[in-house]
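The values are calculated or read from the model by the stated rules, or taken from the named source; none is laboratory data. This one's a predicted model, so the numbers in the text were calculated from it and none came from an experiment. We place every Cβ from the backbone using ideal geometry, glycine too, and count neighbours over all the protein chains shown. Heads up: the accessible areas ignore ligands, DNA and RNA and are worked out on the full protein's heavy atoms, side chains in. Shrake-Rupley method; radii C 1.70, N 1.55, O 1.52, S 1.80 Å.
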Amino acid sequence: MKILIINPGGTSTKIAVFEDEQEVFKASIDHTAEELKPFPHVFDEFEYRKNLIIDTVEKAGYEIKEFGCVAGRGGLCRPVEGGTYAVNDLLIEDFRNAVCGEHASNLGAVIAKAIGDEIGVPSFIVDPVAVDEMIDKARITGISELERPAWFHALNHKAVARSIAEKIGKKYEECNFIVAHLGSGISICAHKNGKMVDGSGGRTNGPFSPERCGSLPTYPLVQLCYSGKYTESEMVNKISKFAGMYDYLGTKDSREVEKRIAEGDEKAKLIYDAFIYHTAKEICSYVPSLEGPVDRIIVTGGIAHSKYVTDEIARLTACVAPTEVVAGEYEMVALAKGSLRVMNGEEPAKEYK
């Protein structure tokens, strides 16, 4: 079965064609600021991006009508449990109205359904960023007006967890994993019997990342917010775009940091080692949420390509479980496999409500 995969981002749209689980074509369509300027809202880009996708696929030698289903990256929808969802009208309306926020990924489902409907095949999203399977006690913060959010790289988390479960001869639903996605953003989650029951994301908690702050000391943060040095929007940018390694070292590129360390930069080594230390500490903090032995710690994302990072994380967390490294991101493969599980009758498509 041929599957068309659509993954829209802020400045590009990634597409791929799969023959069952095998990727046979991929492309990334870049969008310049000038090209996107006529569209005041993300949803306004729908026809523009859709037409580019169809044109690119047809130029690659594929006919749209030969696809058995279409899968799009899930965007900022209402909280859902993990799984593969048939794209329905309610999901489209929520993305149209940006009920949970505007993001280019909102267009994944919209374009997938439009193309699927035109050729009479199903359209899906798989494990969107809105996946929320956290246990209730994990949400409590200590201030009744605040709740810990579920805001993770769910698609890649669950993809690598399924892969490692298969490697060790078990089903994902039978495993206890702690998965650390390390990239420009970081999320670390406890996966208990197929559910992401607790976790952290670098904009609100957890370790700092190349550009995000992670957890911060509360009293000094309050004082900084009211110091008069920053407006609200500047403070939001400070913690989400210009924090972490960038704030200390002026770069968001972990490869550049490692190059500096190799050249004897002691400050770069201190900050990088602190990042690794806080990541390992966060991983270990999720042992109680699994209430039993941990099958594996899994390190994934772009920074997982660094042996410096993964070796040290494995050493610091060895008392918890062995570490498996699955470097990079597997979003396109995850979208294809999730769709196939439904199309092959291995699991039913879920309904978005």
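Some notes on this structure:
- Test: I53 is closer than 21 Å to D117 by Cα and of a type in the set (V, I, T): yes
- Subset of the stretch 75-93 [outside any loop (DSSP other than H, G, I, E, B) and in contact (Cβ under 8 Å) with a residue 40 or more places away in the chain]: V80, T84, Y85, A86, L90, L91
- Cβ-Cβ distances below 7 Å connect the following pairs, each with a first residue in the stretch 119-138 that is under 13 Å from G201 (Cβ atoms), a second residue that is acidic (D, E) and assigned to a loop (DSSP other than H, G, I, E, B), and a separation of six or more residues or different chains: V131/E81.
- For the condition at pLDDT below 95 and either within 22 Å of the chain's Cα centre (by Cα) or open to solvent by 50 Å² or more (accessible area, probe 1.4 Å) (or both), E312 does not qualify.
- M1 meets each of the listed conditions (1) of a type in the set (A, V, I, L, M, F, W, C); (2) farther than 27 Å from Y330 by Cβ; (3) open to solvent by 50 Å² or more (accessible area, probe 1.4 Å) apart from (2).
- Hits in the stretch 105-129 (condition: open to solvent by 10 Å² or more (accessible area, probe 1.4 Å) and at pLDDT below 95): V129
- Screening S285, S306 for residues that are open to solvent by less than 40 Å² (accessible area, probe 1.4 Å), of a type in the set (S, T, N, Q) and either closer than 14 Å to G199 by Cβ or under 21 Å from the mean Cα position of the chain (by Cα) (or both) leaves exactly one candidate, S306.
- Taking the listed residues A280, A274, the one that is open to solvent by less than 50 Å² (accessible area, probe 1.4 Å), modelled with pLDDT of 95 or more, closer than 24 Å to N193 by Cα and of a type in the set (G, A, S) is A280, with no other qualifying.
- Selection of the stretch 7-33 for residues being part of a strand (DSSP E or B), open to solvent by 50 Å² or more (accessible area, probe 1.4 Å) and in contact with a helix residue (DSSP H, G or I) (Cβ under 8 Å, 6 or more places away or on another chain) yields K14, E23, K26.
- Residues (touching a residue at least 12 places away in the same chain (Cβ under 8 Å), open to solvent by 40 Å² or more (accessible area, probe 1.4 Å) and of a type outside the set (S, T, Y)) located in the stretch 320-353: P322, V325, E329, V333, K337, M343, E347, A349, K350, E351, K353
- Scanning the stretch 82-102 for residues that are modelled with pLDDT under 95 and open to solvent by 40 Å² or more (accessible area, probe 1.4 Å) yields R96, N97, V99, C100, E102.
- Yes/no for L155 being of a type outside the set (D, E), surrounded by fewer than 21 Cβ atoms within 10 Å (Cβ to Cβ) and assigned to a helix (DSSP H, G or I): no
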